[in-house]
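Before any comments, here is the structure.
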Amino acid sequence: MSKAVKKNNTVKLDFNIEYAPAPESKASAKIQPSYDLFINGKFEKPASKKYFDTINPATEEKLSSIAEANATDVNKAVKAARNAYDNTWSKMPAKERAKYIYRIARMIQERAREFAVIETLDGGKPIRESRDIDIPLVANHFFYYAGWTDKLAYAFPNKKIQSLGVAGQIIPWNFPLLMAAWKIAPALATGNTVVLKPAETTSLTALKLAEIIQESDLPPGVVNIITGAGATGAAIVNHPDINKIAFTGSTDVGKIIQRAVAGTNKKVTLELGGKAANIIFDDAPIDQAVEGVINGIFFNQGHVCCAGSRLFVQESVYDIILKKLKDRLSTLIVGNPMDKNTDIGAINSKQQMDNIHKYLRIGEKEGLEMYQNNCVLPKKGFFIRPTLFTNVAQSSRLAQEEIFGPVLTIQTFRTDDEVIEKANNTPFGLSAGVWTDKGSKIFNLTTKLRAGVIWANTYNKFDPTSPFGGYKESGYGREGGLHGLGAYLK
Ligand code: NAI
Ligand code: MG
């Protein structure tokens, strides 16, 4: 068995590769000691007078104090958004609206490094990911929707284009700025105004975006960014003057929101949990599939709603796949997210780490076989070793419930029908992956798997042009692409 051991600050792998530390500089990250609420184009103290800490989950050090918005603050933000909608934004020619969205996109690109560093410090994801994936995708989303702004008539031919009004947007901590972009860009392109609330553990990049929005001269009130936890989110959901709720987060909160808006005129999109099947057939390119599976579940510490958390391997290639997965797992570098060598960074919060540990214990109790990378974890911060479980029954809680961490269950199958049935046997239906050499098999599975997004011979690939969203308890509505525009129009 291969081992990864940490010695004198270098990570030594048993095939004799040593990586010296390669830390990204924090110099570009300008984080203020405290942040107020961004309402009507200005930063304002919260009516609640309360602030909460945001920490770096890799070190447990405090980064800043964040204002906690109460119902009065939410009301102020909604009023600002309504006023901007009625008097400015809905009346502005689309061509003019597009210029602001392009400007925001360019400003994000110019400050990409700062955003990447702050995303990693506040949320725990490896700098390589925030630098190469999150922030470039954020800019691309703004560029993409800026492009559609004055072409909506071509996107929806023969239809009257009508915006909804004020959108309340509540986002999670796993892709903080990217989720803000997914929500804000299409709302602005279609002529709506916005009240957005980031997650309480990762508010900083949204507040940095507020600074950019201020500098971009976007008319005051078009985008309001307010911070706080669940109660603030609930005040947005229940505000009577909001026309649309867009939510990404847990299925539990999604259900609360659905109940809260039932019987109102609010339009809703919900993007909730997942339990994706990644399926490897015996004719798949084995090494490519192994790499894809590793990326599919360990990317962003498994804090991904579409993470490939259930692996199904065709029986005839099970032994070789399992061996290769274990070998690859043991070479993954877990630790300081600011180090460019790091593959797996910090778990976003202690609460999330405790939740993942709970599932590891359930797996052991259920008698599953567990295999972990045996690296030395940092003493401070929230870290979990990447983990594989084999000998997993279809009924195992690990194969049914969303863990949202670096934990993969592995099951086997013999026929196409068997794996389709097993893959579909969950309350979720967000995404799936298929690895095979045969186009016919890909088509057969993509038509029968109940999942919103299905990748073939790749995994976790995102693009602003392609829609994203789920079936069943994974929510409804689509974000991204043309579908994403429709979600903000009457
Ligand atoms: P959460 O659903 O509580 O948090 C998501 C957002 O909703 C945050 O901004 C939060 O402040 C807000 N929120 C919380 N309660 C609310 C309420 N009653 N009304 C309106 N907004 C509310 O998710 P949490 O507790 O952080 O994570 C729990 C689990 O949820 C994770 O273990 C994971 O399984 C799942 N999750 C799924 C995500 C996805 O991308 N689909 C993202 C984050 C979590
Ligand atoms: Mg934080």
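Any read-out appearing in this document is the output of simple, stated calculations on the displayed coordinates, not a laboratory observation. Just so you know, these numbers come straight off a predicted model, no measurement behind them. Positions of Cβ are generated from backbone atoms using ideal geometry, with glycine treated the same way; all protein chains shown enter the neighbour counts.
Worth a mention:
- Shown in residue order for the stretch 87-93 are the 3J(HN,Hα) couplings computed by the Karplus curve 6.51 cos²θ - 1.76 cosθ + 1.60 at θ = phi - 60°: 9, 10, 5, 6, 9, 6, x Hz (x for Gly and Pro).
- Under 5 Å between amide hydrogens, built in the peptide plane, is the criterion, and for Ser64 it picks out Thr54 among residues at least 5 positions away or on other chains.
- Stokes-Einstein diffusion coefficient of the stretch 91-176, Kirkwood radius over Cα pairs, 10 °C, 1.306 mPa s, in µm²/s: 108 µm²/s
- With a Förster radius of 41 Å applied to the beta-carbon distance between Ser395 and Glu110, the computed FRET efficiency rounds to 0.20.
- Nearest-20 debye value, the stretch 267-407 charge dipole, Cβ charges on Lys, Arg, Asp, Glu: 660 debye
- Charges were assigned to the Cβ only: +1 to each Lys and Arg, -1 to each Asp and Glu. The resulting dipole of the chain about its Cα centre is roughly 1120 debye.
- Taking a sphere under 15 Å around the Cβ of Gln351 and counting the other residues whose Cβ falls inside, with K and R at +1 and D and E at -1, yields a net charge of -4.
- The chain: angle of helix 318-331 to the longest principal axis, Cα-based, in degrees nearest 10: 60 degrees
- In the stretch 277-463, taking the dipole from charged Cβ atoms about the Cα centre, the farthest positive-side position among Gln314, Gly345, Met370 is held by Gly345.
- Taking the inverse of the mean 1/r over every pair of distinct Cα atoms in the stretch 277-463 gives a Kirkwood hydrodynamic radius of 16.6 Å.
- Note: relative contact order over the chain, using C-alpha pairs below 8 Å and six or more positions apart, is 18 percent.
- Across the stretch 273-278, coupling constants 3J(HN,Hα) worked out from phi with the 6.51/-1.76/1.60 Karplus curve, θ = phi - 60°, read x, x, 8, 5, 8, 10 Hz, and Gly and Pro carry x.
- Whole-number percent relative contact order across the stretch 277-463, with pairs defined as alpha carbons under 8 Å at least 6 apart: 30 percent
- Here's how it looks for Asp339: its modeled amide H is under 5 Å from those of Glu24, Ile127, which are all 5 or more places away or on a different chain.
- The chain: angle of helix 112-123 to the longest principal axis, Cα-based, in degrees nearest 10: 70 degrees
- Candidates Pro386, Gly302, Ile104 compared by Cα position along the dipole of the chain: farthest toward the positive end lies Ile104, with charges placed on Cβ.
- Packing-based order for 164-170, 250-256, using average beta carbon neighbours within 10 Å, highest first: 164-170, 250-256
- Kirkwood estimate for the chain, i.e. one over the average of 1/r between Cα atoms, Å: 23.1 Å
- Span from the the stretch 190-234 Cα centroid across to the the stretch 131-169 one, whole angstrom: 17 Å
- The stretch 61-99-the stretch 338-354 distance, computed between alpha-carbon centres (Å): 32 Å
- Using θ = phi - 60° in the Karplus curve 6.51 cos²θ - 1.76 cosθ + 1.60, the 3J(HN,Hα) couplings for the stretch 175-180 round to 9, x, 6, 5, 5, 5 Hz; x is entered for Gly and Pro.
- Annotation: lysines with alpha-carbon distance below 23 angstrom to Lys79 (same-chain offsets under eight excluded): Lys42, Lys45, Lys49, Lys50, Lys91, Lys183, Lys197, Lys208, Lys244, Lys266, Lys267, Lys490.
- Amide hydrogen neighbours beyond the local backbone of Val313, cut-off 5 Å, H modeled: Ile280, Gln411, Thr412, Phe413
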